[in-house]
Structures are given as C-alpha cells and as structure tokens.
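K.L.:
Pasting in a structure now, in structure tokens, and then I'll have a few things to ask.
The values are calculated or read from the model by the stated rules, or taken from the named source; none is laboratory data. Because the structure is predicted, anything quoted here is derived from the model rather than measured. Backbone-built Cβ (ideal geometry, glycine too); neighbour counts: all protein chains shown. SASA here: full protein model, heavy atoms, side chains in, ligands and nucleic acids out. Shrake-Rupley method; radii C 1.70, N 1.55, O 1.52, S 1.80 Å.
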Amino acid sequence: MDAIVQYDQLHLGFQISAFSLGITILLFTLIQKRTEKIQNKHFLFISLILMVCSLSDIVTALSDPRRFAEPAALAVSEASRTVYFIMHNVLSIVFYYYVQSVCNFYSSKRKIHNAISTAFAVLLEIPVLINPFAHLLFYYDDNMIYRRGVLMAPVMIIKFIYFGASIMILMRSWSALTSKRRAALGYFFLVIMAGITVQFFFINIKIEILAETIGLLGMMVAVEDEDEWIDYDLECYNRMAFRIDLLGFRVYSDNVLILGLHITNSENIIRIIGTGSADRVFTPVSKFLHTVVNNDHVYSISRGTFAVVISDASEEDVQEMISKIRIRFGIPFDVGGRKMLFNAVVSYAYMPERISNVSEACYMLDNPPHDTGKFIYKDEDLDYLLRRRALEKAVTVGLAKGSFEVHYQPTYDINGRIHGAEALVRMHDDELGDVFPDEFIPLAEELGIIGEIDDFVLATVCRFLNMSRPFGLKLDCINVNLSVIQCMETGFVDHINSIVEDSGIDKSLINFEITESVAASDYKLLGKVISDLRSYGYRFSMDDYGTGYSNMNAVIALDLDVIKIDKSILWAAEESELGYIILENNVRMIRQTKRKILVEGVETASQLELCRKLNVDYLQGYYFSRPIPEMIFTQKLGQA
Ligand code: C2E
Ligand code: CA
Ligand code: CA
C-alpha cells in the first residue's frame, strides 16, 4: 500500500508541475500576443490540451480506486482517464498540424493528405469512446489495478506514427532552420521521447505529460519567439525573417511567389515628414498589404521596400493582388494626419522558376528595375537577374578556376618617368567573357569573397615584385586596392603581414588604396588600421578623392602618403571654370597638408598640361597606358 501512496504522490507531483508549467506557457503566449497566425493558434491549442491532460491525471491520482474502495472512485478514475485519452489523441494530430504550419508544409494541394490524417485521428477516438463498455483500451482488474487493454498498443503505435511524421517534416526543413532552432528542437524532442519511453516501460511513472509540457516550453522558446524577426514599427516581419522563411518555403512548395513593392518616392516622403518619424511612415502600407494577402508573410526588406511571399499562388491570384495594390496607391496614405501619395512599382517572380536562391530574391528586391514608367515588372524585365546568376556562379568558382588575373596600370611622375603601378583585378569567364571589376567587385563583396580576391591580388603583386627584384626593376611601389569591409575585420593587419612576409619583399613596395566614400563610415577604426599598417612600413593612398560625401577634415587627418584625386574632378576642371577652381583649391589644400597628390584619369595631352600647371606629383591614365598584363608591364619597365 505504501508503494501505491508513494507512486500516487510522485504522480501528483509530476502532474501539478506540468499543469503549472502549462499555465505559465499559456499566459506568456497570451501576454506576448502571439495569437495571430495559424501556427500560434495550434500552439495555444496544444498548451490547453496538455493542461486538460495534466488536470485529468491529477483527478486520476486523487481518486485511485486502490485507496478508495468505492464504486464512485472507480467511476471518477475511469472517467478522468477517458478524458485523458481523448485529449491526448487530439494532441497527436494538433501537434502534427503545428509542425506543418511551422515548416510551411500546409498547402491547399495537400487536401487529401490532411483529410486522411484527420480521419485517422478520429478513428483513434473510437477505442476511447467505447472503452467504458468494451474495456479494450484500459481497465481496472479485480485488485483495482490499472491495466492496459489489447488496443492500447495499436493506439500507441498510431500516435507514434504521427509523432514520427512530425519529426520527418521537421527534418526535411532542417537545413532551412536556424542553428538556434535546431538545437532547441533537437533537445526538446529528446526530452519528449525520454518521457514517453519511461512511461511506456514503467506504467507507474506517469511522466509523459510533464515531458511533453517541457517540450512545449522548448517550442515556445525556440519557435514561437519571433522577436528578432519582427519589425515592430512596421508591424510585419523583417528582412532576416524573409531570408529564413524563403528557405523554409522552398522545402515544401513547388512554386513560391516573391512580390516586391517598392515605394519610389520614399526618400522624398521621409524628407517631408522628417527623419524623426521615418521608422513608422510606411506602417499604413504594411497594414494594407496584410489585407491584400490573406497570410502573414509580409516583410519589410528595406526602407520603402516590402515583400510578400506566397506558396503555390496562381497567376490570377497575383494579378488580382496587384490590381488591388495599384488602386490603393492611387489614393493618398495618411501619414501623421497628412495625406500623401506614395508612388510605387511592383516586381514579382517565382522561385525556383526565375529566382534560384535567397540571395537572388534579395537582389531583385534591393535593385528594382529602373524607372520606365511601368507599374509591374516581371518576366523579361527581370532578365538582369539571369546575368547576375551567371555572374554569381562565375565569381564564386572564379578563384578555383583561375578566372582572375592581375593587370597593372603604370603611374608616372611629373616628368613622365614610371613611378609605380596600380594593380587592377580582371576576370575572364569561359561563358561570360571578360567581366569588369565595376560589375563583379560589388557582387564579390556581397557574396563575402572580396577578401579572398584581394588576397589573391596582393599575393600576386608580392610574387611579381619578388620575381622582378633580380632584374633591378625600379619601382617605387605598386598600389593595391583594399576593400574597406575587410579592413574593418579584426586581425586584418596580421593577415596582411602574413601574406607579404611570406613573399619576403620590402613592405614599403606596397601602397594600399582605400576609397574615400566608404572610409566615411568609421574614421576612428580605419585610422587605427592605417597607422598600424604604416608602422610596419606599408604606404597608403586615399582613392577617389572628391567623389564621396565624406568629411574632408577627417580624410586629411588620416595618416596617408598619397591622395588620389578622382578622374571626374580632373575632367570637370577641363570643362568649366568652376571645375578648375575646385581642382586647383583641392590641390592647394592637400599640398599644404604635405601629402603627395596623384591625379588619375589623364586621357589627353591637354589634361596632362593642366596637371603639370598645377604641379601635382603623380599621374595615371589612358594617355600613358591602360591597365596591362604583367608581361607587357615588365617589358614596358625594361624599356624605361
Ligand atoms: P579604381 O580603384 O578607382 O581604379 C581605377 C579605375 O579607373 C580602373 O578601372 C582603371 O582602369 C580606370 N582608369 C584608369 N585610368 C583611366 C582613364 O584615363 N580613363 C578612364 N575612363 N578610366 C581610367 P577598373 O580596372 O575597371 O576598376 C574599377 C574599380 O574596381 C576600381 O576603381 C576599384 O575600385 C575596383 N577594383 C579593381 N581591382 C580591384 C581589386 O583588386 N580589389 C578591390 N577591392 N577593388 C578593385
Ligand atoms: Ca584604386
Ligand atoms: Ca580611383
């Protein structure tokens, strides 16, 4: 008898813990207002079911017929167990649907699938409902001991199949889940499995519901918590959610529509209403979009750009949606009491038909086609995505395939003697032919491989300098472009050193170029990187001077050897009096700070004349030489 009491108390302890945990989960979910989506509704339902299960388990424990030898106790106990089984069966199917909605598995195309799975769940209730008469699921024996009936095993197997199917759906979406979600889901599935297994083998240790509630808590933490994916100002999902969801959508949908809505006068609107309230200007647009698409997949991609994602949408649905958008944008929006007309264009494409991956989708949304007066951009309008796809592939495999090469554009002193050269990367792809850096460098930056390309250029330059040493080539230095993205990374200085030191060349032979406009973002850190590198002996140039919006004082304050005046400034000086004044003043100002001056883009004799008049230090441009392959550059040096 003592053992019974002990088990009952243990049992009671488990169920009370499960119930309290269940209430906490329920309240927390309601307080956080995570109730809108289908997924949230399933989740709430699961927490309710688990609470009913633990409550009925509490009643079962309290009315144990072994302790109260009364018919009433037996009836109560049997009734509470029946409620338990009814609800626990419902749990299997609701959990299955929950996982489906989390993984975006649910779609209208799966009607049959869903009908079958629901029918099975209903079937599962029959043994429970007839149990009071048939006792096929469970019964109490003559000693009032609880026993499993003949149908218990099959019912459990079916429930297990649901659980297994849920895991399978989750597994297929595994690669589309964030690592945080994966870890949490993995852990909580284990807890649930452990609970079920223990209860299966030890009938008296009723830990199943507690384990399941802990699992639910895990879902709350790992899946339901979407704080970092929501743009609370705009009341929709953010860019990160877009990226993650799109991956998920691809697992279970044949065709995913990605529709971008671009507000083309967003800059002006923000200027008019003031940047202070910029974050919420487009909230009415987000709200409107939610009324047009009857799902929750509305995302804010960047300021003034929204995306809508729908799986398996038909072309008619899309057209209907777009016509609603067009009508709405013909009417002003209310921005803080002010009526304002938002100009918009729409672009859309299907994945995988036209868009092959998330990065391409982002590219379409970030680069809406240029103003042609059209409202809708689709199909051929988006051909630029194809070029980009080919380019992305070519750049990604470029280093391994040897598509990159370094060319040298000589730089000259004012007397026309070669002073050095700028190393400029070139790409030749078998399919695309020659591609120029203006096109592939920004892409390489986005793909995160600019560092490797810059390393390749630096290593090539070092090898070239090392190789030409015995020939006594008289070069002051070779200029190597640096991507600022990379400069800001920790360990950058050591990284550069390791490449240059490997080659054994003199560090002062390398002159790094950095662009002014990008430098504007963080002078302090950049200043430190520059002075660190200079302390090792490298030289530094400021590239494209005069094109950025940067603070001139801050630029000049950097520890630089050379300022490269941008070609546009030189060309403007030739065009107009005002242009000349700007160039002349810049030259004077830089000279006063004791920096050397290089003017790039010298194309004509008259431009050269102009530079001579201003007495700048170095020159670079097509007038002297275009960027040329290493061999030709070496020959040129030999003749010099
Ligand atoms: P940049 O650093 O301003 O390079 C100068 C660009 O001006 C080069 O274009 C060069 O060919 C061009 N140029 C030189 N003289 C003249 C001239 O007289 N007239 C005209 N119209 N153009 C002239 P390129 O090689 O196409 O490079 C474009 C940009 O790509 C570079 O601008 C630089 O920002 C980037 N880039 C090139 N190589 C590398 C590299 O190895 N690493 C990184 N991070 N960026 C690179
Ligand atoms: Ca440059
Ligand atoms: Ca330049």
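K.L.:
Which one of Q635, Q592, G546 has its Cα pushed farthest toward the positive end of the charge dipole of region 389-639, where Lys and Arg give +1 and Asp and Glu give -1 at the Cβ?
P.N.:
So the residue furthest toward the plus end is Q592.
K.L.:
Kindly state, to the nearest 0.05, the FRET efficiency for N553 paired with A459, given R0 = 45 Å and r defined as their beta-carbon distance. Mind dumping the intermediate values first?
P.N.:
Working: r = 35 Å, r/R0 = 0.79.
So the FRET efficiency works out to roughly 0.80.
K.L.:
Find the eigenvalues of the gyration tensor of the Cα atoms of region 583-640, then list the square roots of 5 times those eigenvalues as equivalent ellipsoid semi-axes, largest first, in whole angstrom. Walk me through the numbers on the way to the answer.
P.N.:
Values: eigenvalues 136, 35, 16 Å².
So the three semi-axes of region 583-640 are 26, 13, 9 Å.
K.L.:
Per residue, what accessible area does region 2-225 have, given a 1.4 Å probe and all protein chains present, in Å²? Kindly include the intermediate steps, with their values, before the conclusion.
P.N.:
Numbers: 10850 Å² over 224 residues.
Spelled out: the 1.4 Å probe surface of region 2-225, per residue, equals 48 Å².
K.L.:
Additional query: Looking at the chain only, what percent of DSSP beta bridges run antiparallel? Nearest 5 please.
P.N.:
Antiparallel bridges make up about 60 percent of those DSSP assigns within the chain.
K.L.:
Within region 588-640, what whole-number % of the accessible surface is contributed by carbon and sulfur, with the 1.4 Å probe and all protein chains included in the calculation? Numbers along the way, then the final one.
P.N.:
Numbers: 1510 of 2970 Å².
In region 588-640, the share of accessible area belonging to carbon and sulfur is 51 percent.
K.L.:
From largest accessible area down, sort F120, F133, F19, F163; use a 1.4 Å probe on the protein chains. Walk me through the intermediate numbers first.
P.N.:
Values: F120 95, F133 175, F19 55, F163 25 Å².
The ranking, largest first, comes out as F133, F120, F19, F163.
K.L.:
Within the P(r) computed for region 2-225, what percentage of the Cα pairs occupies the region above 25 Å?
P.N.:
41 percent
K.L.:
Distance check, please: which entries in K159/K206; K474/K594; K401/K636; K287/K324 exceed 21 angstrom between their Cα atoms? Can you show the working numbers first?
P.N.:
Details: K159/K206 17 Å; K474/K594 24 Å; K401/K636 29 Å; K287/K324 14 Å.
Beyond 21 Å: K474/K594; K401/K636.
K.L.:
Also: Determine the per residue accessible area of region 393-490 with all protein chains present and a 1.4 angstrom probe, expressed in square angstrom. Walk me through the intermediate numbers first.
P.N.:
Values: 4590 Å² over 98 residues.
Accessible area per residue: 47 Å².
K.L.:
If you average 1/r over all unlike Cα pairs in region 86-175 and invert the result, what Kirkwood radius do you get in angstrom? Working shown, then result.
P.N.:
Details: mean 1/r = 0.0691 Å⁻¹.
Result for region 86-175, one decimal place: 14.5 Å.
K.L.:
Okay, next question. Could you calculate the FRET efficiency of R303 with F160 from 1/(1 + (r/R0)^6), where r is the beta carbon distance between them and R0 is 56 Å, rounded to 0.05?
P.N.:
Numbers: r = 49 Å, r/R0 = 0.88.
The pair R303/F160 has a calculated efficiency of 0.70.
K.L.:
Where Rh is the Kirkwood radius over the Cα pairs of region 228-382, the temperature 20 °C and the viscosity 1.002 mPa s, what D in µm²/s does Stokes-Einstein return?
P.N.:
Working: Rh = 15.7 Å.
Answer from the Stokes-Einstein relation: 136 µm²/s.
K.L.:
Tell me which lysines have Cα within less than 24 Å of K180's Cα, excluding those fewer than 8 residues away on the same chain?
P.N.:
K33, K37, K41
K.L.:
What would the Debye equation give as log₁₀ I(q)/I(0) for region 537-640 at q = 0.13, 0.15, 0.17 Å⁻¹, counting only Cα atoms as equal point scatterers?
P.N.:
-0.51, -0.66, -0.82
K.L.:
If you don't mind, another one. Over all distinct Cα pairs, what is the inverse of the mean 1/r for region 298-429, reported as the Kirkwood hydrodynamic radius in Å?
P.N.:
Values: mean 1/r = 0.0533 Å⁻¹.
So the Kirkwood estimate lands at 18.8 Å.
K.L.:
Starting at 0 and stepping by 20 Å, how many percent of the alpha carbon pairs of the chain end up in each bin?
P.N.:
In order of increasing distance, the bins hold 15, 33, 28, 16, 6, 1 percent.
K.L.:
Further question on the same structure: What share of all Cα pairs of region 359-459, in percent, falls into each consecutive 5 Å distance bin?
P.N.:
The percentages, shortest bin first, are 2, 10, 20, 18, 14, 12, 10, 7, 5, 2, 1, 0.
K.L.:
Could you work out the relative contact order of region 2-225, using alpha carbon pairs under 8 angstrom and six or more residues apart, expressed as a whole percent?
P.N.:
Result for region 2-225 is 24 percent.
K.L.:
Label-point separation (nm) for E603 and F189, each offset 7 Å from Cα along Cα-to-Cβ?
P.N.:
6.2 nm
K.L.:
How many percent of the accessible area of region 228-382 is carbon or sulfur, using a 1.4 Å probe? All intermediate terms of the calculation are to be shown ahead of the outcome.
P.N.:
Details: 3450 of 6960 Å².
The C+S portion of the solvent-accessible surface of region 228-382 is 50 percent.
K.L.:
If you don't mind, another one. Roughly how large, in nm² to one decimal, is the mean projection of the convex hull of the alpha-carbon atoms in region 389-639?
P.N.:
Details: hull surface 54.9 nm².
Orientation-averaged projected area of the Cα hull: 13.7 nm².
K.L.:
Next question, about the same structure. Could you give the nm distance between label points at E315 and E501, where each point is 7 Å from its Cα heading toward the beta carbon?
P.N.:
With each label placed 7 Å out from Cα toward Cβ, I get 6.3 nm.
K.L.:
Which far-off residues, 5 or more places away or on another chain, put their amide H under 5 Å from the one on F333, with H placed in the peptide plane?
P.N.:
M340, L341, F342
K.L.:
Which FRET efficiency, nearest 0.05, do N114 and K524 yield, Cβ-Cβ r, R0 60 Å?
P.N.:
On the way: r = 58 Å, r/R0 = 0.97.
Using R0 = 60 Å, I get an efficiency of 0.55.
K.L.:
Subtracting the Cα-Cα distance from 0.36 nm times the residue separation, let me have the gained length for L578 to I130 in nm, one decimal.
P.N.:
Length gained between L578 and I130: 151.7 nm.
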